[in-house]
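Single-structure report; data block below.
The values are calculated or read from the model by the stated rules, or taken from the named source; none is laboratory data. Remember, predicted model here, so these are calculated numbers, not experimental data. Methodologically, a virtual Cβ is constructed for each residue, glycine included, from the backbone with ideal geometry; neighbour enumeration extends over all protein chains shown. Side chains included, ligands, DNA and RNA excluded: accessible areas come from the protein's heavy atoms. Shrake-Rupley method; radii C 1.70, N 1.55, O 1.52, S 1.80 Å.
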Amino acid sequence: MASKVAVIGSGISGAVCASILAKNGISVTIFESARGPGGRMSQRREHCEDGRELLFDHGAPYFTLNANNLELQSLVNSWESRGLVAQWKEKFGSFDYSSKSFVNVDEEVNMRYVGVPGMNSVCKALCQEPGVETRFGHGIGRSDWLMDHNTWSLTNMDGQDVGHFMGVVATDKNTFLSRFTDVTGKQPPIDLNSDSEVGFQIKEIPAFPCFALMLAFAEPLSSIPMKGGFSFKNSEILSWAHCDSSKPGRATTSERWVLHSTAKYAELVISQSGFQKPSPALLTKVAEELFQEFLRTGIDIPQPFFKKAHRWGSAFPAVSIAREEKCLWVEKRKLAICGDFCVRPSVEGAISSGIAAAAKFLERLAT
Ligand SMILES: Cc1cc2nc3c(=O)[nH]c(=O)nc-3n(C[C@H](O)[C@H](O)[C@H](O)COP(=O)(O)OP(=O)(O)OC[C@H]3O[C@@H](n4cnc5c(N)ncnc54)[C@H](O)[C@@H]3O)c2cc1C
């Protein structure tokens with residue numbers, strides 16, 4: 001493989017983009033700042049005091065596809081036939097705090113897909129495909145376009161040179177937004193100031209935050225009539241709950257639930273505590289508040305043997321910056337920007353954006 005592209009981020013948009021490029025003869029290195037793949041489709045590994053291991057899909061609980069999206073449906077079918085995803089065929093509904101009652105969801109909903117054995121399974125598999133090299137724990141701290149050589153030079157967060165590439169795919173808004181500087185005091189790794197057109201389009205990408213609460217119970221929560229998940233109505237604090245251990249391919253030695261806060265609650269906590277990494281004390285306080293709100297349903301909920309909160313500072317982008325194009329492309333530097341913030345705040349949006357970014361490289365290399 002002659003050409004080399006660097007993909008920054010192993011979330012679903014980056015993983016899909018890398019896999020398409022590799023299948024078309026372009027070798028790819030994915031750089032991921034986290035220890036594992038998946039981004040907001042990650043699976044969290046936790047250990048109880050007695051050493052027991054617990055796994056939680058603490059980001060996206062599942063994804064759906066628009067019925068007309070035949071290209072994505074065939075891609076997801078191929079993942080399903082490889083055993084990477086499966087349909088989550090459980091009951092779903094909602095709980096209304098005003099009437100203190102559950103309502104089943106009767107309407108026709110698109111198929112709900114989950115990764116097997118965790119939401120990160122697709123990203124994990126795509127990161128290991130032939131032609132794709134993945135370097136975890138390698139956050140990109142700096143990238144320089146060397147005009148004389150027509151290549152990118154990338155440096156990781158520790159200041160180490162990690163190689164030269166003919167093109168770069170950026171999949172996280174923090175890699176190019178100046179907002180990154182406000183929070184970390186550092187320059188974002190990709191400087192878009194020289195690309196006036198693109199830079200102008202993306203000065204800011206607001207996003208809604210969310211806290212996720214991971215709970216593990218020794219006994220099933222048998223008073224909850226739907227074992228898939230349910231949304232909450234008329235709560236300022238909770239928006240969603242799902243039984244993670246009810247998904248196909250999960251261990252059923254304990255019953256694990258994941259609850260999501262409302263964006264309003266998360267925004268309030270962040271406005272009081274700041275945007276820096278949340279302290280363990282803050283996460284404990286949030287976990288207690290979310291759990292108390294769960295108890296306020298009046299459902300019979302026993303004490304969990306595991307309870308921990310996680311903050312997603314930018315869970316759902318509030319805007320879409322590329323709509324029809326589905327990604328941004330800077331021709332003179334062979335830079336593609338993709339991710340859900342380009343299309344829609346969903347796994348489906350992120351996949352279409354990753355496909356569009358790969359297509360840009362393939363079009364340019366074909367000419
Ligand atoms: C709580 C929650 C619930 C959700 N619910 C749903 C749902 O029900 N259905 C649905 O379809 N979607 C849902 N989503 C949204 C969905 O998860 C996202 O739309 C999708 O996963 C985004 O993928 P992405 O590739 O665009 O970005 P990400 O997954 O965010 O990937 C970006 C990656 O880049 C990495 N990165 C960032 N900076 C650097 C750097 N400098 N160097 C190297 N790597 C870097 C990050 O670590 C990350 O892995 C949910 C998300 C959350 C958080």
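Provide the per residue accessible area, probe 1.4 Å, for the chain, rounded to a whole number of square angstrom. The partial results should precede the final answer.
Working: 16970 Å² over 367 residues.
With all protein chains present, the chain gives 46 Å² per residue.
Give the total of Lys-Lys pairs in region 1-134 with Cα-Cα distances below 22 Å; include a pair only if its members are 8 or more places apart or on different chains.
On the way: K4/K23; K4/K124; K23/K124; K91/K100.
Count of close lysine pairs: 4.
Within 15 Å, Cβ to Cβ, of N234, how many net charges do the neighbouring residues add up to if Lys/Arg are +1 and Asp/Glu are -1? Please list the in-between numbers first.
Working: positive: K100, K233, K264, R296; negative: D96, E236, E293.
Summing Lys and Arg as +1 and Asp and Glu as -1 gives +1.
Students often forget the sequence filter, so: which aspartates and glutamates lie under 14 Å Cα-Cα from K186 once same-chain residues fewer than 8 apart are removed?
D158
Just the number, please: percent antiparallel of the DSSP beta bridges in the chain, rounded to the nearest 5.
Details: 48 of 71 bridges.
Given both bridge residues lie in the chain, the antiparallel proportion sits at roughly 70 percent.
With no other cysteine's Cβ closer than 4.7 Å, which Cys residues of the chain count as lacking a disulfide-compatible partner?
So far as the 4.7 Å Cβ criterion goes, C17, C48, C123, C127, C210, C243, C342 stand without a partner in the chain.
When the Karplus curve 6.51 cos²θ - 1.76 cosθ + 1.60 is applied with θ = phi - 60°, which whole-Hz ³J(HN,Hα) does each residue of region 185-193 get, with x for Gly and Pro?
Once rounded to whole Hz, the list reads x, 9, 6, x, x, 10, 9, 9, 4.
Are there any trypsin sites (Lys or Arg not before Pro) in region 1-50 that are in a DSSP loop and have at most 16 other Cβ atoms within 10 Å? List them by number.
Values: sites: K4, K23, R35, R40, R44, R45; in loops: R35.
The qualifying sites are R35.
To the nearest whole percent, what portion of all C-alpha pairs in region 133-278 is separated by more than 28 angstrom? Before the final figure, lay out each step's value.
On the way: 4929 of 10585 pairs.
Roughly 47 percent, once rounded to a whole number.
Using amide H atoms built in the peptide plane, which far-off residues or other-chain residues are under 5 Å from H58 H to H?
R44
How much of M41 can a 1.4 Å solvent probe reach, expressed as accessible area in Å² and rounded to 10?
Solvent-accessible area, nearest 10 Å²: 10 Å².
Label-point separation (nm) for M157 and N110, each offset 7 Å from Cα along Cα-to-Cβ?
Here the answer is 3.3 nm between the modelled labels.
Ignoring ligands and nucleic acids, what accessible area does S121 show with a 1.4 Å probe (Å², nearest 10)?
10 Å²
Counting only residues 5 or more places away or on other chains, whose amide H sits under 5 Å from the amide H of V169 once H atoms are built in the peptide plane?
HN-HN under 5 Å from V169: A6, V7, I8, A336.
If you wrap the chain's Cα atoms in a convex hull and average its projection over all directions, what's the area in nm²? Don't skip to the answer; put the middle values down first.
Numbers: hull surface 75.8 nm².
Across all orientations, the chain yields a mean hull projection of 19.0 nm².
Given the pairs K173/K264; K285/K308; K203/K264; K227/K285, which are separated by over 20 angstrom at their Cα positions? Kindly include the intermediate steps, with their values, before the conclusion.
Values: K173/K264 22 Å; K285/K308 10 Å; K203/K264 24 Å; K227/K285 27 Å.
Check vs 20 Å cut-off fails for K173/K264; K203/K264; K227/K285.
Can you work out the Karplus-derived ³J(HN,Hα) for every residue in region 229-244? Use 6.51 cos²θ - 1.76 cosθ + 1.60 with θ = phi - 60°, whole Hz, and x for glycine or proline.
Listing the rounded values in order: x, 8, 8, 9, 9, 6, 10, 7, 10, 10, 10, 7, 9, 9, 8, 5 Hz.
What do you get for the angle between helix 263-273 and the principal long axis of the chain? Use alpha-carbon atoms, 0 to 90 degrees, nearest ten.
Its long axis makes an angle of about 80 degrees.
If each residue of separation counts as 0.36 nm, what is the full-extension length gain between D148 and C48 once their alpha-carbon separation is subtracted? Provide the component values of the computation, followed by the final result.
On the way: separation 100, 0.36 × 100 = 36.00 nm, distance 5.42 nm.
Length gained between D148 and C48: 30.6 nm.
Quick check on region 1-116: of the DSSP beta bridges with both residues there, what percent are antiparallel, nearest 5%? Each step should come with its number before you reach the end.
On the way: 12 of 18 bridges.
Of the beta bridges lying entirely in region 1-116, close to 65 percent run antiparallel.
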